[in-house]
């Protein structure tokens, strides 16, 4: 008998959520068979079996998450299948509680016993207020311990009433939502407390696993990375003219070049000149990346994804255009792979198409910087002492101040500006 553990499917993955089991307990499986689909922080992936046998137990159910390395299923000769899948009764429950600690367990009622040590009390079984047994997934039990939650107060929504991670998170959200309402008011306060928001007035939209990961990573990035912001304005008149020539020459069925494609190429060439921007900070040391891989932020219904253009500095503008369109299409169809979204060393986020004139983006770890692009707009600017209409675009770089100083960012932006204002330099 052997356990199948949650694999590491991306460089930033910490846990995976089982979205669908393609096999069920009792099924015969062969090496290479796809067992389940799992949602990571980057994409939806498949887990395959690395050995043959009988799928005896499924330890992590659909919709539940497991950290990397935790057992999610058991493969064996089939002898343990009946034991794992039979209806729960008083006798078998005691046997199930003795199986691997990774499995969701049913725990016996608390018996009167002498005082326990701190370590043993952490493993004390959970019981309901009427003395019944509680079914709790390992991840839910860990969250309950971290937040000192009485599991007997939780209504399980998992199979057979089992308490799962989402039940704990819902409970914590409800606690946060109700805490302000019970805060004591000063005696002198004459104003009535605001009425609590009725659930009839709001629509509760649960987050998907990917959205929860996005929330977590953005929060960590903003809280742990000291951001510095430097902006400049770029005259895009010549670049837009070159783009028009490119697309006219491509014909009706050819690859069309976008403004974003030109910006990606300009950033890649600027990173060649200023490799310190193409770096990361980790464990009190700087990592200077040898490849220039530009991530491009793409808005999809489930949130924001950042597919990567690899070695953008040695690719032509048309090649970049072809690749960005293919990646954007895969993103919209939820077909991006981990490889599509891994290895980025610098990112570009463009909201110009939404008529946003200027904004500041949050750094995408472990990268050291991200460039925010605003809309191109026609502005009167002085040329030889005369007001002339030019197409101007605002840019703002957000940088990790542990890696880059203000002058580093300014020099990088000056090079991006020089390249875009002399766009034929992008064709070399």
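At a glance:
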item	result
Matching residues, the range 251-262, being closer than 15 Å to residue 427 by Cβ and under 26 Å from the mean Cα position of the chain (by Cα)	261
Every residue from the range 226-256 that is modelled with pLDDT under 95 and part of a loop (DSSP other than H, G, I, E, B)	251, 252, 253, 254, 255, 256
One residue from 302, 349, 319, 280 being closer than 18 Å to residue 221 by Cα and either over 19 Å from the mean Cα position of the chain (by Cα) or touching a residue at least 60 places away in the same chain (Cβ under 8 Å) (or both)	280
Residues being in a helix (DSSP H, G or I) and surrounded by fewer than 19 Cβ atoms within 10 Å (Cβ to Cβ) - total across the range 314-327	6
Complete set of residues in the range 314-334 that are in contact with a helix residue (DSSP H, G or I) (Cβ under 8 Å, 6 or more places away or on another chain) and either more than 21 Å from residue 267 (Cβ to Cβ) or outside the structural domain of residue 266 (by TED's automatic domain parsing) (or both)	330
In the range 360-380, the residues that are more than 17 Å from the chain's Cα centre (by Cα) and surrounded by 14 or more Cβ atoms within 10 Å (Cβ to Cβ)	368, 369, 371, 372, 373, 374, 375, 376, 377, 379
Check on residue 356, within 21 Å of residue 421 (Cβ to Cβ), surrounded by 14 or more Cβ atoms within 10 Å (Cβ to Cβ), modelled with pLDDT of 95 or more and in contact with a strand residue (DSSP E or B) (Cβ under 8 Å, 6 or more places away or on another chain)	no
Output for the range 212-225, where each listed residue is modelled with pLDDT under 90 and surrounded by fewer than 15 Cβ atoms within 10 Å (Cβ to Cβ)	215, 216, 220
Test: residue in the range 246-255 that is surrounded by fewer than 20 Cβ atoms within 10 Å (Cβ to Cβ), within 24 Å of residue 313 (Cβ to Cβ), in contact with a strand residue (DSSP E or B) (Cβ under 7 Å, 6 or more places away or on another chain) and assigned by TED's automatic domain parsing to the domain that holds residue 347	no
Residue in the range 237-245 that is surrounded by fewer than 19 Cβ atoms within 10 Å (Cβ to Cβ), outside the structural domain of residue 375 (by TED's automatic domain parsing) and under 25 Å from residue 411 (Cα atoms) present	no
Candidate set: the range 270-301, residues that are within 13 Å of residue 341 (Cβ to Cβ) and part of a loop (DSSP other than H, G, I, E, B); chosen: the one modelled with the lowest pLDDT	297
Qualifying residue in the range 120-133 (condition: under 22 Å from residue 62 (Cβ atoms), modelled with pLDDT under 75 and over 29 Å from the mean Cα position of the chain (by Cα))	no
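The values are calculated or read from the model by the stated rules, or taken from the named source; none is laboratory data. The model shown is predicted, which means the values in this text are computed figures rather than measured ones. Cβ atoms come from the backbone with ideal geometry, glycine included; neighbour counts cover every protein chain shown.
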